[in-house]
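Visitor: Starting off with a structure, shown below.
The values are calculated or read from the model by the stated rules, or taken from the named source; none is laboratory data. Since the structure is predicted, the reported quantities are computational estimates derived from the model, not experimental observations. In this analysis, Cβ positions are derived from the backbone assuming ideal geometry, glycine residues included, and neighbour counts consider all displayed protein chains. The accessibility values were calculated without ligands, DNA or RNA, using every heavy atom of the protein model including side chains. Shrake-Rupley method; radii C 1.70, N 1.55, O 1.52, S 1.80 Å.
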Amino acid sequence: GAVVSQHPSRVICKSGTSVKIECRSLDFQATTMFWYRQFPKQSLMLMATSNEGSKATYEQGVEKDKFLINHASLTLSTLTVTSAHPEDSSFYICSARDPGVGELFFGEGSRLTVL
Amino acid sequence: AQSVAQPEDQVNVAEGNPLTVKCTYSVSGNPYLFWYVQYPNRGLQFLLKYITGDNLVKGSYGFEAEFNKSQTSFHLKKPSALVSDSALYFCAHGGATNKLIFGTGTLLAVQP
């Protein structure tokens with residue numbers, strides 16, 4: 001079946017640095033991908049909708065300058081956490097819809113730890 | 001506002017017993033309801049969905065869910081629980097845009 005891949009699965013960085021997380025659809029093209037954030041023992045919070053070839057649509061309360069999203073191709077969306085701080089530590093998950101089967105598939109998630 | 005609620009933070013069940021994980025919804029228009037499962041430090045895996053049609057939906061790994069319009073519920077069920085079913089379960093609502101609104105999650109613990 002369709003697979004969505006995230007990289008890296010784990011990243012540790014120093015406060016003030018920027019971190020990029022990649023989300024790839026491996027065997028289908030995705031015009032739209034979604035980025036979620038999950039705090040420990042909590043639900044997933046939709047951060048933004050990534051649109052291929054255009055600007056991302058951010059949910060209310062999400063800082064677009066803090067969480068930069070780029071969807072440069074039909075198989076790749078990236079989330080860059082800029083000037084990361086410890087409070088940005090979280091589990092970030094992406095999803096993409098396979099138009100062929102009409103289903104949403106989720107990546108394995110990326111755990112970010114900011115020291 | 002569209003929302004789904006999972007009233008139980010955790011459900012404990014003995015292996016071999018039936019399990020139920022509860023979900024209620026509050027949406028305008030037709031509900032598009034999903035169940036996902038998440039294992040530790042992993043992404044979400046799709047279990048089943050209700051869009052229209054038969055109220056009893058069968059999904060992966062022996063799970064099923066019953067859509068009840070009068071009670072606005074979409075409870076997840078399995079006749080006989082396995083220890084390997086222990087995980088975090090999310091109910092979600094989505095529409096044509098594929099933006100999913102998730103419930104708060106229910107941790108299922110199956111004791112051997």
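Visitor: In the protein assembly as shown, what cysteines have no partner Cβ closer than 4.7 Å?
Guide: Singleton cysteines: A:13.
Visitor: Still on this structure, I have one more. Between residue A:26 and residue A:10, what length in nm is gained on full extension when 0.36 nm per residue of separation is reduced by their alpha carbon distance?
Guide: Numbers: separation 16, 0.36 × 16 = 5.76 nm, distance 1.97 nm.
Length gained between residue A:26 and residue A:10: 3.8 nm.
Visitor: Just the number, please: percent antiparallel of the DSSP beta bridges in the protein assembly as shown, rounded to the nearest 5.
Guide: Antiparallel bridges make up about 90 percent of those DSSP assigns within the protein assembly as shown.
Visitor: Positive end of the charge dipole of chain B (Lys, Arg +1 and Asp, Glu -1 on Cβ, about the Cα centre): tell me which of B:100, B:80, B:68 has its Cα farthest that way.
Guide: Final value for the positive-end residue is B:100.
Visitor: Which residue, A:48, A:72, A:96, tops the fluctuation ranking in a GNM of chain A built on C-alpha contacts under 10 Å?
Guide: A:72
Visitor: Counting other Cβ atoms within 10 Å, which GluC sites (Glu not before Pro) in the range A:19-107 have at most 11 and lie in a DSSP loop? Intermediate results must be reported in sequence, preceding the final value.
Guide: Working: sites: A:22, A:52, A:59, A:63, A:87, A:103; in loops: A:52, A:59, A:63.
Taking the range A:19-107 and a limit of 11 other Cβ atoms within 10 Å, the loop GluC sites (Glu not before Pro) found are A:63.
Visitor: A further question on this structure: With springs connecting C-alpha atoms under 10 Å apart, model chain A as a Gaussian network and identify which of A:82, A:17, A:49 has the largest mean-square fluctuation.
Guide: With Cα springs under 10 Å in chain A, the top fluctuation among A:82, A:17, A:49 is at A:17.
Visitor: Return the whole-Å distance between the Cα centroid of the range A:62-92 and the Cα centroid of the range B:60-81.
Guide: Each part reduced to its Cα centre gives a spacing of 35 Å.
Visitor: Once you have the Kirkwood Rh of the protein assembly as shown from its Cα pairs, apply Stokes-Einstein at 25 °C and 0.890 mPa s and quote D in µm²/s.
Guide: 135
Visitor: Determine how large the accessible area of residue B:3 is when every protein chain is in place; take a 1.4 Å probe and give Å² rounded to the nearest 10.
Guide: We get 50 Å² for residue B:3.
Visitor: What lysines could a cross-link reach from residue A:20, if we take a straight Cα to Cα line under 21 Å and drop same-chain neighbours fewer than 8 places away?
Guide: In chain and number order, the partners are A:55, A:64, A:66.
Visitor: Right, another one. Counting only protein heavy atoms and using a 1.4 Å probe, what share of the accessible area of chain A belongs to carbon plus sulfur, as a whole percent? List each step's numbers first, then the result.
Guide: Values: 2890 of 5660 Å².
Carbon and sulfur atoms account for 51 percent of the accessible area of chain A.
Visitor: Suppose we keep just the alpha-carbon trace of chain B; what are its Rg and Dmax in angstrom?
Guide: 13.3, 42
Visitor: With every protein chain present, what accessible area does residue B:61 have (1.4 Å probe, heavy atoms only), rounded to the nearest 10 Å²?
Guide: Roll a 1.4 Å probe over it and residue B:61 shows about 140 Å².
Visitor: Would you work out the charge dipole size for the range A:29-76 about its Cα centre, treating the Cβ of every Lys and Arg as +1 and the Cβ of every Asp and Glu as -1, and quote it to the nearest 20 debye?
Guide: On the way: 5 positive and 4 negative charges, 29 e Å.
Dipole size: approximately 140 debye.
Visitor: For chain A, modelled as a GNM with alpha-carbon contacts under 10 angstrom, which of A:41, A:64, A:14 fluctuates the most?
Guide: A:41
Visitor: What lysines sit close enough to residue B:77 to cross-link, taking a C-alpha to C-alpha distance under 25 Å and skipping anything fewer than 8 places away on the same chain?
Guide: Partners found: A:41, B:22, B:49, B:58, B:69, B:99.
Visitor: Per-residue mean of other chain beta-carbon atoms within 10 angstrom of the beta-carbon, peptide B:86-93? Provide the component values of the computation, followed by the final result.
Guide: Numbers: counts 0, 0, 3, 0, 3, 1, 3, 0.
Going residue by residue through B:86-93 and averaging, the value is 1.
Visitor: Considering only protein heavy atoms, what is the solvent-accessible area of residue B:42 at a probe of 1.4 Å, reported in Å² to the nearest 10?
Guide: 110
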